[in-house]
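The values are calculated or read from the model by the stated rules, or taken from the named source; none is laboratory data. This one's a predicted model, so the numbers in the text were calculated from it and none came from an experiment. Using ideal geometry, Cβ is built from the backbone for each residue, glycine included, and neighbour counts are taken over all protein chains shown. Note: accessible area is taken over every heavy atom of the protein model, side chains too, but ligands, DNA and RNA are not part of it. Shrake-Rupley method; radii C 1.70, N 1.55, O 1.52, S 1.80 Å.
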Amino acid sequence: MTGPSGSMGTVRTMSQRKGIALIAHDNRKADLLDWARFNREILGQHDLFATGTTGALLADELGLSITRFKSGPLGGDQQVGAKITEGALDFVIFFWDPLQSQPHDVDVKALLRIAVVYNIPIACNRASADFMVSSSLMAETYERRLVDYGHRIHPDEWQKPPATG
């Protein structure tokens, strides 16, 4: 454990076979499908998860096994967030629509927050998704460090490190 900066906490190891969530809002589904077709070989080397309709479209188009959650507005984004906290997901590709408000905007924000809290790589557009899946780290184990937010959540329980000097 480190000091109040929270710079280090738990380490979670991602295996070579990553758990990848694929999510797209309606106006971005065609973009995600196009991206997934191009990256089918890489995606086939990992465990895939997707929300609602996106999962059905990807499974039909790619012929890959995809674990499907509910549609985003019906709790799918929250299911993805829960899988992140459980350590079942290592990576999120989320093509969200920045120009249209969603009925479940609070769930989208919560998912993005959980991804940051758990130090999960998250791509929100094709360029960042391309950089992430083409990284040499995709085929390796990777130690993901989690920030210890405990001192911010429970400041009375936080123990300061001993003084030096």
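Observations on the model:
- Looking across segment 90-109, the residues that are open to solvent by 40 Å² or more (accessible area, probe 1.4 Å) and at pLDDT 75 or above come down to W96, K109.
- Candidate set: segment 20-53, residues that are of a type in the set (G, A, S) and buried (at least 21 other Cβ atoms within 10 Å of the Cβ); chosen: the one nearest to the chain's Cα centre (by Cα): A21
- Evaluating A50 against the criteria (1) at pLDDT below 95; (2) at negative phi; (3) touching a Lys or Arg at 6+ places or on another chain (Cβ under 7 Å) leaves one unmet condition, (1).
- In segment 112-149, the residues that are in contact (Cβ under 8 Å) with a residue 40 or more places away in the chain and open to solvent by less than 50 Å² (accessible area, probe 1.4 Å): A129, M132, V133, M138, R144, L146, D148
- All conditions but one from (1) among the aromatic types (F, W, Y); (2) surrounded by 12 or more Cβ atoms within 10 Å (Cβ to Cβ); (3) at pLDDT 70 or above apply to W158; the one that does not is (3).
- Verdict on G72 being of a type outside the set (F, W, Y), modelled with pLDDT under 95 and buried (at least 16 other Cβ atoms within 10 Å of the Cβ): yes
- Residue check: A56 meets all listed conditions (1) under 16 Å from F91 (Cβ atoms); (2) small (G, A, S); (3) surrounded by fewer than 19 Cβ atoms within 10 Å (Cβ to Cβ) but one, namely (1).
- Residues of segment 75-89 include at least one that is without any contact (Cβ under 8 Å) to a residue 24 or more places away in the chain, open to solvent by less than 70 Å² (accessible area, probe 1.4 Å), of a type outside the set (S, T, Y) and closer than 18 Å to K18 by Cβ.
- Where strands (runs of 3 or more DSSP E) sit wholly within segment 11-98, those with at least 1 residues that are of a type in the set (S, T, Y) occupy 11-14, 47-51, 66-69.
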